[in-house]
Ligand SMILES: NC(=O)C1=CN([C@@H]2O[C@H](COP(=O)(O)OP(=O)(O)OC[C@H]3O[C@@H](n4cnc5c(N)ncnc54)[C@H](O)[C@@H]3O)[C@@H](O)[C@H]2O)C=CC1
Ligand SMILES: CC(=O)C(=O)O
Ligand SMILES: [Mg+2]
């Protein structure tokens, strides 16, 4: 459980770290002069002290006055706030992109300042650099493109990747987020434009997990696109060909994985926003060979399971009652099936019975309605959750969502369909008849317009006693008379940074189910009963760095327990094994990067 006193004393608290006067260790640079000013990793803009300007050949390349980090920070925030003021009343998309642009310009220029404002203002800025705005950015990527970020490996690079990987300027890479752009949030196939997602996810890695931004790498595998509009767009920046399939496709991913792990054997690869068939296929193919995980399948599952357990607690029932919860999952894709698989494992663990029995209370719905054994071309991944038709309340193959909700009266309705508004008024009203005194509704699809329902509609139609979560942020709902309908952001951002951080600091060989379970359990036990009673299932995004330390430590300890930890830098597996829980938390905290200007030392 989160220990506020310990964290207050740690070196990461805002009060101690914010504009601390302690002198940070030096940073070696291999360039001088204007090259440094044009490198966002090292650039300090007007913040270079005069002695450093002399040492690095910067004298005369900057206006004479030295501006402190605090002043630069305040000036940026002032510009941001005046942009907010000046764009009031303009269309939402215009404002969102204007905010993204101002942050992106800073990102391109000065990463230290960028990550500091991001960390300190995460609640305001996460919706800009992550969901929902990142979706809009991907949709408009060709027009917004100014400077490259990350690496692009295309179908035309076959046979070249092993040498291409050495074009990346950093000597060490710890964390890679990889996409092929085939299912970007709920927006479908966006081809090369999907690069915005790895960039946004890695920004969260830096902000939440303190991964050093010089050691992250966003990657786009461009194997073509089946998005006709993009293929016809003359400004489209990706390959203008249809997606590779079958052997041709997998050979590209294989080559990339070999290349990456040849140069950086310990790099962790997070697969993100792959269409379902390749999401599952690549996970099975690589998870025993490399340190890798699929965020949409596994990260989402862990966050959802923590939310489902929270929903049981919110009803004032013991956790063991999870096995009796009736859960309707809408969306039988990588995310929905990932959630069901993890929930079944949890039920089987709790009830001590086989997985088959555990599935009894779970209902799966896809675009063709209730999935039963009568389904033609039943997807093998969905097959374990297919119901016997008619066995439950006479529900037939393909029964509609509203029919299922009316008949089943579920405790939980969880959407991962990518379809905005699919939790219609009728569906939400049917949730009033739920067998739970505090039914839970999770509209987890992203971005906002793809959410299965809005927070306001959920409280309005399903009743004020519900517990609500959404993938993209919504404001809390004013229920009148001083009552608040709390909105939880049920998003994998609460886990993927800690999974990556824990695996990295353990030097884990692979990312096991046990490590993922530890992450989910850590999140599930983070909230106090008092918060849970109010319907608050996840920590505020303000505390994302705190929860990530806890999750990272839990993942690390699970890796150690399973003998998967090979150590990190000069900390060997034996030392990791001998660390107490507190020492592990301290080790994780100490290894998180925090943005401060370090003295730059030039070395040829
Ligand atoms: N909140 C979070 O942390 C996460 C949210 N997501 C969101 O989940 C959504 C789905 O992602 P994936 O599973 O990867 O996509 P997917 O494309 O693999 O699966 C979508 C599923 O929804 C079903 N579906 C489509 N229309 C439907 C309808 N009208 N009614 C019921 N089901 C319908 C499809 O048949 C398919 O089974 C996306 O919007 C994504 O943004 C995904 C991962 C994490
Ligand atoms: C959050 C996320 O990973 C998704 O919507 O795909
Ligand atoms: Mg995703």
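Laboratory data are not the source of any read-out in this text; all were calculated from the coordinates shown. Quick caveat: nothing in here was measured; it's all calculated off a predicted structure. Don't worry about glycine lacking a Cβ; one is built from the backbone with ideal geometry, like all the others, and counts go over all protein chains shown.
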Which order do the peptides 395-401, 463-469 take when ranked by the mean count of other beta-carbon atoms within 10 Å per residue, highest first? 463-469, 395-401
How far apart, in nanometres, would the label points at residue 320 and residue 71 be if each is projected 7 angstrom from Cα along the Cα-to-Cβ direction? 6.5 nm
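Counting helices only, and only those DSSP H runs with n ≥ 4, report the 222 nm mean residue ellipticity of the chain as the sum of -39,500 (n - 2.57) divided by its residues, in deg cm²/dmol to the nearest 500.
Details: 27 runs with 259 residues, N = 604.
The per-residue figure over the chain is -12500 deg cm²/dmol.
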Quick one: what Rg and Dmax do you get for the stretch 494-591 from the alpha carbons, in Å? 13.5, 45
quick note, the chain, DSSP beta bridge pairs, % antiparallel (nearest 5) is 15 percent
Can you give me the convex hull volume of the Cα atoms of the chain, divided per residue and expressed in Å³? 163 Å³
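Over the stretch 146-290, consider all pairs of different Cα atoms and compute the Kirkwood hydrodynamic radius from their mean reciprocal separation; express it in Å, one decimal.
Numbers: mean 1/r = 0.0649 Å⁻¹.
Every distinct Cα pair counted, the radius reaches 15.4 Å.
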Percentage relative contact order, the chain, counting C-alpha pairs under 8 Å, at least six apart: 16 percent
Note the angle between two axes, namely the Cα long axis of helix 196-209 and the longest principal axis of the Cα atoms of the chain, as a number of degrees from 0 to 90, rounded to the nearest 10. 80 degrees
I need to check one value: relative contact order of the stretch 450-575, counting alpha carbon pairs closer than 8 Å and at least 6 residues apart, in percent. 27 percent
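In the stretch 20-124, how does Rg compare with the Kirkwood Rh, expressed as the Rg/Rh ratio over alpha carbon atoms? Kindly include the intermediate steps, with their values, before the conclusion.
Details: Rg = 15.8 Å, Rh = 15.3 Å.
Dividing the radius of gyration by the Kirkwood radius yields 1.03.
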For a label point 7 Å along the Cα-to-beta-carbon line of residue 78, residues of the stretch 95-126 with backbone N under 12 Å: none
How far is the Cα center of the stretch 553-592 from the Cα center of the stretch 22-95, in Å? 36 Å
Using alpha-carbon pairs under 8 Å, 6+ residues apart, how would you state the relative contact order of the stretch 146-290 in percent? 34 percent
With Cα atoms, 0 to 90° folded angle of helix 300-314 axis to the chain main axis: 60 degrees
Label-point gap, in nm, between residue 166 and residue 393 - each point 7 angstrom along Cα→Cβ: 6.3 nm
Relative to the longest principal axis of the chain, what angle (0 to 90°, nearest 10) does the C-alpha long axis of helix 581-590 take? 50 degrees
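Would you mind getting me the FRET efficiency between residue 289 and residue 583? Use the beta-carbon distance for r and R0 = 30 Å, nearest 0.05. Each step should come with its number before you reach the end.
Working: r = 31 Å, r/R0 = 1.03.
Using R0 = 30 Å, I get an efficiency of 0.45.
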In whole Å, how far is the Cα centre of the stretch 234-269 from that of the stretch 472-550? 31 Å
